[in-house]
Every structure is written in structure tokens, then in C-alpha cells.
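The values are calculated or read from the model by the stated rules, or taken from the named source; none is laboratory data. What you are looking at is a predicted structure, and each value in this text was computed from that prediction instead of being measured. Because the Cβ atoms are built from the backbone with ideal geometry, glycine has one as well, and the counts that use them run over all protein chains shown.
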Amino acid sequence: MKEIIASEFESEVLKSGKVVLDFYSSECPPCEALAPKFESLAGLYGNDIKFVKIFRQKNKELADKLEVRSSPTLLFFENGKEVGERLSGGIKRSDIITNLNTLLSADQISVINNKITPTVTEYDVMILGAGPGGLTAGLYLCQAKINTVLIDIALPGGNVATTHEVSNYPGFIEPQKGYMLSHNMSEQTKLCGTAYKVAVDVSMVDLFKKEVILDEYETIKAKKIIIATGTSPNLIGVPGEKELKGKGISYCATCDAKYYGDKEVVVIGGGNSAVEEADFIAKFASKITMVHQFDTFTSNKTAQEKIFSNPKISTLFEHEPRSFKRVGDKMVTEVEDLKTKEIKTLESDGVFIFIGMKPNIQLFKDKLTLDQWGYIKTDEDMRTSLPDVFAVGDVISKKYRQITTAVADGTIAAIAIAKEMN
Ligand SMILES: Cc1cc2nc3c(=O)[nH]c(=O)nc-3n(C[C@H](O)[C@H](O)[C@H](O)COP(=O)(O)OP(=O)(O)OC[C@H]3O[C@@H](n4cnc5c(N)ncnc54)[C@H](O)[C@@H]3O)c2cc1C
């Protein structure tokens, strides 16, 4: 692997055959998460593809010229031309491999695959999910000198990382940006010494053996597991929704509202998330139509008042979406009036969907006792129905899902484990 500066770009990248170039920055957690993957792939693919790194802050002009706008960004080159898809953010090993393999022949890929040696690493505790629940458990376990690994399919932070502002986490007088709050939680746990495996593919979880397989080659074993995998947004399940996800339909206001400056937006839902996020989107959009199946919002009254007093926001109660289509630049949402059965069409620039969440338990749902809504049942120490398997945060059966309650669960599980292990 070679580190270059901008003046070497032509000779080391454009005139060097097959190259993968990593634009990285300092103080960049996703760059730190990528670095070991990039290095290990350089070891595997290095005979056929050149691995090059460039420090973005010191080579800004080149980054701007190549339209690199976030760190890390991986670019793939073949004979002086950029090829394949750029990767940025929480980059997965499997996505890099997919891009690298497009540069190679089947024989070369097979030689590389034969070189991959499975690894096994053992810890005392593994935590699946690095949201507030998992991060807090990781902090307490680390401080109790218990060898712990935090595993996440994305970057650390969980749902807080994509929440625009958090105003109810104690200890902060001013509302905190969600990504900063989760960044601070993650750094605190990392600095303590907890191991991190983030932006990985978790392909197998064996709760009986306490083993998981990451990126199809790395086995992690532990004496105990904490499940802290949280929740993901529910889909409506109507035609066009899956196809237009990320192409006009969004589930994250923090991520996407800024792209709707002076544009018209439809928001589906009427609970706390929908109402709070609509209020946030209204900082950017010129007009918002909220579509909700009931005759009133189910969110808290203060948030509702903000919606009703905002002239940019109108409401369509007792309506449900029936399909989404893209027509030219516009999104067309078909909604049904539940009282009259009349179908209406709403034209907008984008659609946001906030209709609740579902627990992330696909990999182990058959092995644990769940409640009627599919959330994991635990006792007061956060123990599940399986020995040495704990669960914390939004993924468990409970009444209130907040950062404070996830953090509390993580604390309880870690203290219970520390008592058992010490
Ligand atoms: C839009 C929105 C706004 C919110 N606003 C607030 C607020 O203002 N105040 C408040 O207190 N709460 C708020 N919440 C709720 C709060 O975010 C959650 O209660 C909290 O994040 C739960 O933490 P958690 O650790 O249980 O799960 P999560 O935050 O959901 O984190 C779970 C983590 O597990 C990872 N994961 C998933 N599957 C796997 C797997 N198979 N293997 C490994 N890792 C996996 C995910 O990538 C994620 O990082 C909000 C939630 C949303 C969606």
C-alpha cells in the first residue's frame, strides 16, 4: 500500500493500471473503520491491484477536482479511467470486494479466494449493535476490565446518529446534534479500550455456541452475548415503495431533508417521529402535506401544536398511501380517502415515511422468547430466555423506547455480567 500526494496522482494512479484510491481524513471515525479492511484487502489483492491512500485535507484541490465530497471515499481506476461505483461513508468489506473483483478475471479471483484464511478471535463478551444501548454496555464492561467487542453492520451510533437534534438527553442544556451525541458516546467507549468491528456483514449468529461470522471469514467467539440491535423503520408495503427507496422516498429526515430546500414534500405518518421530523423538514421545504390514517395525530401535544401552527404544513387525515411513482422529476403518491374510498394523487418532490419501527432480530428470532410484537423478552437484569444471552435497548419488549432507556438497559446488562464474570 502506498501513500501519495496530489502531484503523484498521475504517475501512481492514472498511469498505474488497476488502482484503488482511498481519500481519507483525520478525526474521521468511518476512515478509522475502513483502514484495517483496506490494509487487509491490500494484502490479498496487492499483486493484481495497487492500493493507494491520499490524505484529503492536505490534497484538497485534487479532491475537489475529482468531486470527492466525503471521507473516506474509495475510487477505482483502470488504465487511467475511473471505473465502477465510488464507495463512501461506512464502507463494507464486501462492497470493496465486489468492486475489486470487477477489475479481475475469474482465475485471478479464484486464486485470491483460496488465499483467504478464516480467523477466530475470542472475547469475554460480544455486543451486537453499537447504538446507545450497546455503546453503554461496552463502556461499563470495559471499565470492569472485561474483554469486549462491539459489532455493528453500520457505523456506531444507531438511530441517534441520524436524529437531527436530541433535546431530552440529560446533562446537556442545549439540544445536541444526534450525530455528535452518538459520536461522543462511541469515542468514550472506544477510548476505554473496547474492540470495534463496524460496517461489517454479520452473516451468521449462533446464540447457543456464542459465535458470529463476520464478512464470511472472521469468527468471533464469546462467553456471553448482548443483543443491542435496535429497530428499523417499517415499510408501508405498497407498489413503488421498495423501488423508489433512496430515489425519492426517504426514511431519514436528518439525512435527506436538506435536499428539499424550497421543494414540496409528502410526509406519511402521524406519531411522534412523523410529527417531529415534519417540523424539522419544514425548515427546508416550502410545502409539506402530512398523510395519516387516523383522524388525529397520535404524537405528543406540544409537537402537534408546532405542526398546526406552521403555515407550510397541511394535513390529510384518514388517508392511506396506495402507491408511489416517479413521473419525470416528481413523485406521485396515490392516497385513498378511507371514508369515501376516493383515490387522490399528490404530486411532490419527495416523500418521507415515518410509520413506526420493527425490531432487528432476523438472524436469531426463532431462538428467543419474543413478545406478541416480536420484541425480545428479558428479565430485570436484561437476560433473555437463553443462558448467557442478554438483550438491551429498543430491541427488547418494553413500554418506552428512548436513548435514556437504552442507556439504562446497557448499564444493567453490563453490571449483571460483570458481577457474574468477576
Ligand atoms: C427519527 C428518530 C428520532 C428519535 N429521537 C429521539 C430523541 O429525541 N430522544 C430520545 O431519547 N430518543 C429518540 N429516538 C429513539 C432512540 O433513537 C432510540 O431509543 C435509541 O437509539 C435506541 O438505542 P439502541 O441502542 O437500542 O438501538 P439503535 O439506536 O437502533 O442501534 C442499534 C444498532 O444495531 C445495529 N444492528 C442492527 N442489526 C444488527 C446486526 N444484525 N448485527 C449487528 N448490529 C446490528 C444497527 O446498525 C444500529 O447501529 C429517536 C428515534 C428515531 C428513529
Notebook entry, point to check: Among the strands (runs of 3 or more DSSP E) confined wholly to segment 49-167, which include 3 or more residues that are away from the ligand (no atom under 15 Å from the Cβ) and closer than 30 Å to Lys209 by Cα?
Noted result: 119-128
Check: Restricting attention to segment 271-284, which residues are free of Cβ contacts under 8 Å to residues at least 40 places away in the same chain and within 14 Å of the ligand (Cβ to nearest atom)?
Finding: Asn272, Val275, Glu276, Asp279
Margin query: Take Lys197 and tell me if it is touching a residue at least 24 places away in the same chain (Cβ under 8 Å), farther than 21 Å from Pro30 by Cα, part of a strand (DSSP E or B) and not assigned by TED's automatic domain parsing to the domain that holds Leu41.
Written below: no
Next item on the list: Can you confirm whether segment 348-368 contains a residue that is under 20 Å from the mean Cα position of the chain (by Cα) and closer than 18 Å to Tyr140 by Cβ?
Entry: no
Next item on the list: Please go through segment 299-342 and pick out each residue that is closer than 16 Å to Ile355 by Cβ and surrounded by fewer than 14 Cβ atoms within 10 Å (Cβ to Cβ).
Entry: none
Next item on the list: Take segment 310-348 and flag every residue that is closer than 15 Å to Ala278 by Cβ and either within 16 Å of the ligand (Cβ to nearest atom) or in a loop (DSSP other than H, G, I, E, B) (or both).
Entry: Asn310, Pro311, Lys312
Note to self: I'm trying to understand the selection: among the residues of segment 368-385, which are crowded, with 17+ Cβ neighbours inside 10 Å and either within 16 Å of the ligand (Cβ to nearest atom) or at pLDDT below 95 (or both)?
What the structure shows: Leu368, Leu370, Tyr375, Ile376, Thr378, Met382, Thr384
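Yes/no per residue for (1) within 28 Å of the chain's Cα centre (by Cα); (2) in contact (Cβ under 8 Å) with a residue 24 or more places away in the chain; (3) not assigned by TED's automatic domain parsing to the domain that holds Ser167:
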{"residue": "Arg326", "(1), (2), (3)": "yes, yes, yes"}
{"residue": "Val332", "(1), (2), (3)": "yes, no, yes"}
{"residue": "Asp388", "(1), (2), (3)": "yes, yes, no"}
{"residue": "Ser397", "(1), (2), (3)": "yes, yes, no"}
{"residue": "Ile403", "(1), (2), (3)": "yes, yes, no"}
{"residue": "Thr411", "(1), (2), (3)": "yes, yes, no"}
Notebook entry, point to check: For segment 293-330, how many residues meet the condition of being touching a Leu at 6+ places or on another chain (Cβ under 7 Å) and under 20 Å from Asp349 (Cβ atoms)?
Noted result: 3
Checklist line | Subset of segment 204-217 [out of contact with any Phe, Trp or Tyr (no Cβ under 9 Å at 6 or more places or on another chain), more than 10 Å from the ligand (Cβ to nearest atom) and touching a residue at least 12 places away in the same chain (Cβ under 8 Å)] | finding: Met204, Phe208, Lys209, Lys210, Asp215, Glu216, Tyr217
Check: What do you reckon, is Asn184 in contact (Cβ under 8 Å) with a residue 12 or more places away in the chain and either in a helix (DSSP H, G or I) or surrounded by fewer than 21 Cβ atoms within 10 Å (Cβ to Cβ) (or both)?
Finding: no
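A quick yes/no check of all residues on (1) closer than 17 Å to Ala42 by Cα; (2) at pLDDT below 95:
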position	(1), (2)
Phe76	yes, no
Glu82	no, no
Glu85	no, yes
Gly90	no, yes
Asn99	yes, no
Leu103	yes, no
Ile109	yes, no
Thr117	yes, yes
Check: In segment 220-232, is there at least one residue being near the ligand (Cβ under 9 Å from one of its atoms) and out of contact with any helix residue (DSSP H, G or I) (no Cβ under 8 Å at 6 or more places or on another chain)?
Finding: yes
Check: Looking at segment 386-422, which of its residues are of a type in the set (S, T, N, Q) and either more than 23 Å from Met185 (Cβ to Cβ) or surrounded by 22 or more Cβ atoms within 10 Å (Cβ to Cβ) (or both)?
Finding: Ser397, Asn422
Item checked: Those strands (runs of 3 or more DSSP E) lying entirely in segment 210-284 with at least 3 residues buried (at least 17 other Cβ atoms within 10 Å of the Cβ), on the phi < 0 side of the Ramachandran plot and of a type in the set (A, V, I, L, M) -> 211-214, 218-227, 264-268
